[in-house]
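Data first, discussion second: the structure below is written as structure tokens.
The values are calculated or read from the model by the stated rules, or taken from the named source; none is laboratory data. None of these values were measured; they are calculated from a predicted model. Heads up, the Cβs are rebuilt from the backbone with ideal geometry, glycines too, and the neighbour counts pull from every protein chain shown.
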Amino acid sequence: MSNPLTTTVFHADLLKDKVALVTGGGSGIGFGLATAFARHGAVVIIIGRNKERLEKAAKSIFDSNGGKCITAAADVRDAAALRTAIHEAVNGWTGKLDILVNCAAGNFLAPIANLSPNAFKTVIEIDLLGTFNATKACQTFLQASKGCILNISATLAYRGTPLQSHPSAAKAGVDSLTRSLATEWGPYGIRTNGIAPGPIDATEGIKRLMPKGAREQMIKGVPLQRLGSVNDIEHAALFLVSPAASYINGRCTVL
């Protein structure tokens, strides 16, 4: 598994002594964020359903920069199991948590006419309910540290996206939850922000979901004339969880 963070503009000790938990941290954007946080000094806890994938990701994070990475296998849809996994991982390290990144997600292409209620519900439960479950499980830790939350959503919901009604609905809910958390938990000193990636190159979403021949057309629609990269998301995330963003709360950054 390669390290997607090829360049950085931040000091290597930006997140020194911080503990960050990333759901969906075993692959894709979640893995990229976990790697970036570890490279900048944080101890990282990655959570996902596939234990083998998590262990592989943790080894990659250690091999690439010597970063400390802890794994915890759990399904974000199962609130009780997730809470147990999170509390065991956090308490097993230092009992402290400074950063929560909700990145676990599910997606597939399906027209609404052929989309079953169960399939629709599954994506809602992974993306939206999973974000809620992880956030609730981390509340006590984040209150103690006056930490921050970063929710990864998507631009799908900002205009109608064919074959993507299920993740669009889920991610719209994540954006709304971000604003509600910022309002309710701000008085505790907890900041909550989001990043909504558009088409990000070299990700599973692009590989599996982009129609044939659509790449060049999509690039033409981007003013910068390129797709985003995981590196772009990492830089935005590092800023939003750092002290430099100490007065940014309830905002969703579109990339």
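You will find that of ILE29, ILE61, ILE45, the residue that is over 23 Å from LYS96 (Cα atoms), crowded, with 24+ Cβ neighbours inside 10 Å and in contact (Cβ under 8 Å) with a residue 24 or more places away in the chain is ILE29 and no other.
Residue pairs whose Cβ atoms lie under 6 Å apart, separated by 6 or more positions or on different chains, with the first residue in the range 114-138 and farther than 19 Å from ILE99 by Cα and the second buried (at least 18 other Cβ atoms within 10 Å of the Cβ) and at pLDDT below 95, are VAL123/GLY106; ILE126/GLY106. Only one of the numbered conditions (1) out of contact with any helix residue (DSSP H, G or I) (no Cβ under 7 Å at 6 or more places or on another chain); (2) surrounded by fewer than 16 Cβ atoms within 10 Å (Cβ to Cβ) is not met by LEU142, and that is (2). Selection of the range 169-196 for residues being crowded, with 22+ Cβ neighbours inside 10 Å and of a type outside the set (A, V, I, L, M) yields LYS171, THR178, ARG191, THR192, ASN193, GLY194. Only residues that are in a helix (DSSP H, G or I) and hydrophobic (A, V, I, L, M, F, W, C) were counted across the range 21-77, and they come to 12. Looking only at residues of the range 218-255 that are outside any helix (DSSP H, G or I), small (Gly, Ala, Ser) and touching a residue at least 40 places away in the same chain (Cβ under 8 Å), we find that the one that is surrounded by the fewest Cβ atoms within 10 Å (Cβ to Cβ) is SER246. Of the helices (runs of 4 or more DSSP H) contained entirely in the range 118-217, those carrying at least 3 residues that are more than 18 Å from VAL22 (Cα to Cα) and of a type outside the set (A, V, I, L, M) fall at 165-185, 204-209.
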